[in-house]
Amino acid sequence: MAAWVVYEAWTWPRVAPLATRPPRTTAFIERYRTEQRATGRGDRVQWIWVPYAAIGLPLKRAVIVAEDIKFFSHGGVDLDEVEDALERAVERREIPRGASTITQQLAKNLWLTPSRNPLRKVREVILAWQLERALSKRRLLELYLNVVEFGPGIYGAEAAARRFFGKAAADLGPLEAAQLAASLPNPRAWYPGSTSRAYQAHVARVLRRMERADWLDRLLARAISGRGRGWAGWSLLARG
């Protein structure tokens with residue numbers, strides 16, 4: 001046990017450097033490359049890092065309504081969603097799934113695996129807690145939008161916008177943004193151009209949520225100025 005604790009402490013990811021520089025790679029990118037090499041295919045990925053201001057407002061709004069509507073109000077973990085997920089798991093007699101915030105997803109993409117192992121989930125929660133305390137909400141969203149997978153081997157908003165729509169992430173419209181945000185639960189099968197009925201239905205849900213969430217623009221504007229972290233946006237969220 002002592003040896004395991006020492007190992008965990010020695011190999012634990014460093015969160016603070018992310019405040020000033022982007023990651024060189026992520027655990028999910030390296031996992032994709034390993035899978036590609038194992039099947040004899042090329043391991044090249046499409047990944048272009050851009051600053052927060054170079055990602056259009058429609059995509060930011062789409063991702064938040066699709067993945068974490070309480071992003072500006074929680075401290076890394078949405079306890080209400082966790083409780084709901086546990087209740088659903090008990091009712092269906094299955095391992096809990098879902099309930100991950102954007103911050104938790106960021107931690108998982110950067111350093112962990114998609115495994116549903118409970119110990120992995122504990123690491124994810126601890127890392128999310130550290131990320132929230134080390135970085136602003138603006139920086140967390142910037143990191144997330146730059147590292148998540150939007151299609152097979154396509155990482156980050158800029159690469160996805162260019163690949164699927166032939167334009168920059170700053171120029172995406174609401175429908176295009178909804179199509180990208182809807183791909184996040186299953187990017188290897190759900191992405192713009194997919195004929196999956198489930199994917200198309202999710203795109204429509206994201207669009208409806210976007211139309212009802214224009215109040216989010218105020219919080220995103222506050223994030224641009226460096227404010228709006230932690231519980232700072234809760235009053236606006238409640239009125240929304």
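The values are calculated or read from the model by the stated rules, or taken from the named source; none is laboratory data. Quick caveat, the model's predicted, so the values are computed rather than measured. All Cβ positions, even for glycine, are placed from backbone atoms using ideal geometry, and neighbour counts span all protein chains on display. SASA here: full protein model, heavy atoms, side chains in, ligands and nucleic acids out. Shrake-Rupley method; radii C 1.70, N 1.55, O 1.52, S 1.80 Å.
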Taking the Cα-to-Cβ direction at A38 and at D214 and moving 7 Å from each Cα, how far apart do the two end points lie in nm?
-> 4.9 nm
Of K70/K167; K60/K137; K108/K167, which ones are farther than 24 Å apart at the Cα?
-> K70/K167; K108/K167
With Cβ to Cβ distances under 9 Å as the rule, what net charge do the other residues near Y52 carry (K, R +1; D, E -1)?
-> +2
Report in % the part of the accessible area of segment 117-181 that belongs to carbon and sulfur, leaving out ligands and nucleic acids; probe 1.4 Å.
-> 57 percent
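To two decimal places, what compactness ratio does segment 142-183 give when its Cα radius of gyration is scaled by 2.2 N^0.38 Å? All intermediate terms of the calculation are to be shown ahead of the outcome.
On the way: Rg = 9.1 Å, N = 42, 2.2 N^0.38 = 9.1 Å.
Working it through for segment 142-183, the quotient is 0.99.
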Using a 1.4 angstrom probe on heavy atoms only, work out the carbon and sulfur share of the accessible area of segment 8-82 in %.
-> 55 percent
Taking a probe of 1.4 angstrom, what is the accessible area of T101 in Å², to the nearest 10?
-> 0 Å²
Once you have a ≥ b ≥ c as the square roots of the Cα gyration tensor eigenvalues for segment 165-215, tell me rounded if a/c is under 1.5, and otherwise prolate or oblate according to whether a/b is larger than b/c.
-> oblate
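Count the net charge of all other residues whose Cβ sits under 9 Å from the Cβ of A169, scoring Lys and Arg as +1 and Asp and Glu as -1.
Taking every other residue near A169 into account, the sum is 0.
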Mean accessible area per residue over segment 143-208 (1.4 angstrom probe, all protein chains present, square angstrom) is 37 Å²
Alpha carbon Rg of segment 140-229, scaled by the compact-globule rule 2.2 N^0.38 Å | 1.10
Can you give the net charge of the other residues whose Cβ lies under 12 Å from the Cβ of R37, counting K and R as +1 and D and E as -1?
-> +1
